[in-house]
Amino acid sequence: MPVPAQVQIVIFAVIAAIVLFQLYNVLGKKVGRQPEEDARAQPQAPAQADPAAPRPAALDAVTLSSIAGLKARDPNFDPVRFLEGARQAHETIVRAYAAGDRDTLRPLLTPKVMESFEAGIAAREARGETEEAEFLHPARADLELATAEENRATAKVRFLAELRNKVRSADPSVEEQIEDRRVAEVWTFERTLGASDPNWVLARTEPAAA
């Protein structure tokens, strides 16, 4: 018995619907890696380093070599922490010397350096002058050497600083002198190994190339 045409049309329509449904299940799904997934998988570009930021001297191969002498005697020596302390000491000493603050200077300097600084302060006071030192930018500090001989540890730090010095006279008719200058110096710090006081003191200052 032949199938009526209307029934055939219905059967073909059902079959077509089933085929389309199967195609949708396959083609409608996300197969494999999608473009947005690839975009998420791309590694983020590292942030660009600030060229003005201090160089991580403690990680520099040359610096690591230069501190080998002290590390052999004091394995706990941390060059990063030392440089942070040296930079703070440098700023404190420069400001205190300009202000003639002997009490602040005395525990930070060896007796020989204190004697030299005292002479400079006394000469300025004899002229009736007062001075103020201002750092225009944080000073750059680079560790050049850290070693030990017998029970004395020695570290040399090269400082590069931009300063503004203001000098005032006791005579009100004399105009205040303001000078901006760039200073490059090597400071030598010392401390006694094994001493109860772990602090470093300034033992020498000398000019350096800018």
- Task: Between the alpha-carbon centers of region 138-168 and region 103-133, tell me the distance in whole angstrom.
- Result: 18 Å
- Pop the C-beta distance of Val183 and Gln88 into the FRET formula with R0 = 25 Å and round what comes out to the nearest 0.05. 0.90
- Note down the net charge around Ala122, summing +1 for each Lys or Arg and -1 for each Asp or Glu among other residues with Cβ under 11 Å from its Cβ. 0
- Carbon and sulfur atoms: what percent of the 1.4 Å accessible area of region 123-210 do they account for? 44 percent
- Note on the structure: Per-residue accessible area, 1.4 Å probe, largest first, puts Ile178, Ile67 in the order Ile178, Ile67
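The values are calculated or read from the model by the stated rules, or taken from the named source; none is laboratory data. Just so it is clear, the model here is predicted, and its values are computed rather than measured. Because the Cβ atoms are built from the backbone with ideal geometry, glycine has one as well, and the counts that use them run over all protein chains shown. Accessible surface areas use protein heavy atoms only, side chains included; no ligands, DNA or RNA. Shrake-Rupley method; radii C 1.70, N 1.55, O 1.52, S 1.80 Å.
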